[in-house]
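Heads up, the thing below is written out as structure tokens.
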Amino acid sequence: MQPRHTRPECDERCTQVTGFLRIFSVAIAAAAVTACETPAVNRTATAPLATVERVDLDRYLGRWYEIARYDHSFERGCQGVTATYSKNADGSIKVLNACRKGALDGPLDTAEGTAKPQNAENSKLSVTFFWPFAGDYWVIGLADDYSWALVGEPSGRYLWILARTPQIDPTLRADLIAKLQAKGYNTNALIWVQQS
């Protein structure tokens, strides 16, 4: 058996490439863990999560102000949050989320996605911002005049209070908190969003 001969410059180059690949792999793994951060469950599931009977998507379109939300990585530090819904040519819903990072005068951050109804009543939608990942968007409370909406999903990790105006009055706020508590939500975990 003949001894294997290697060139010193190849050994050095191979070591550098291996080191780079190791660092790159660790960086990718760290980014994946951060992106997949799982929020806390803030709902006691005494019963399956019920949605509203029906959502008229044409009435639901337009701008909504985020009044409150549960903490999660993709909105962390956001203030002045809005969600604007419009209809796409194929019947799906265009979602445009916007927020100011850090403060109301902070830099504008936007995300564009697509929502598709998942039931005939249009109360359960699937929203995609980054294909192939989709999230549940269930309308679990809705004013008769579409002036406010409560949006959640079955796991109890995500929750939003939305309104057509940047502020809601204290009586309505107390009423919405009571509605969420009746559905098993921990309302102490809500982050109240600064809008002005």
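The values are calculated or read from the model by the stated rules, or taken from the named source; none is laboratory data. Given the structure is predicted, the values throughout are model-derived calculations rather than measurements. Virtual Cβ from ideal backbone geometry, glycine too; neighbours counted across all protein chains shown.
Remarks
- Any chance Gly135 is more than 20 Å from Ile161 (Cβ to Cβ) and at pLDDT below 95: no
- Those residues of segment 37-86 which are at pLDDT below 95, basic (Lys, Arg) and in a loop (DSSP other than H, G, I, E, B), in sequence order: Arg76
- Ile161 vs. criteria more than 20 Å from the chain's Cα centre (by Cα), modelled with pLDDT of 95 or more and not in a helix (DSSP H, G or I): no
- Subset tally (residues that are in a strand (DSSP E or B) and among the aromatic types (Phe, Trp, Tyr)) for segment 137-147: 2
- On the stretch given as segment 92-137, residues that are of a type in the set (A, V, I, L, M) and more than 24 Å from Arg76 (Cβ to Cβ) total 2.
- The residue list Leu150, Leu176, Leu172 contains one member that is within 19 Å of the chain's Cα centre (by Cα) and not in a loop (DSSP other than H, G, I, E, B), which is Leu150.
- Look at segment 179-195: where a residue is assigned to a helix (DSSP H, G or I) and a partner is surrounded by 14 or more Cβ atoms within 10 Å (Cβ to Cβ) and polar (S, T, N, Q), sitting 6+ places away or on another chain with Cβ atoms under 9 Å, you get Leu180/Asn186; Leu180/Thr187; Gln181/Thr187; Thr187/Asn42; Asn188/Asn42; Ala189/Asn42.
- Cβ separations smaller than 8 Å between residues 6+ apart or across chains give the following pairs from segment 54-76 residues that are without any contact (Cβ under 8 Å) to a residue 60 or more places away in the chain to residues that are loosely packed, with under 14 Cβ neighbours inside 10 Å: Asp58/Lys87; Leu61/Ser86; Leu61/Lys87; Ser73/Thr34; Ser73/Ala35; Ser73/Glu37.
Conditions (1) out of contact with any His (no Cβ under 9 Å at 6 or more places or on another chain); (2) within 20 Å of Val52 (Cα to Cα), marked per residue:
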{"residue": "Arg157", "(1), (2)": "no, yes"}
{"residue": "Ala163", "(1), (2)": "yes, yes"}
{"residue": "Asp175", "(1), (2)": "yes, yes"}
{"residue": "Ala189", "(1), (2)": "yes, no"}
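Results for (1) in contact with a Leu (Cβ under 8 Å, 6 or more places away or on another chain); (2) not assigned by TED's automatic domain parsing to the domain that holds Asn188, shown as yes or no for each residue.
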{"position": "Ala50", "(1), (2)": "no, yes"}
{"position": "Lys87", "(1), (2)": "yes, no"}
{"position": "Gly91", "(1), (2)": "no, no"}
{"position": "Cys99", "(1), (2)": "yes, no"}
{"position": "Gly102", "(1), (2)": "no, no"}
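- Scanning segment 85-140 for residues that are on the phi > 0 side of the Ramachandran plot and touching a residue at least 12 places away in the same chain (Cβ under 8 Å) returns Gly102, Asn122.
- Filtered residues of segment 102-157 (kept if aliphatic (A, V, I, L, M), touching a strand residue (DSSP E or B) at 6+ places or on another chain (Cβ under 6 Å), closer than 25 Å to Asp90 by Cα and surrounded by fewer than 15 Cβ atoms within 10 Å (Cβ to Cβ)): Ala111
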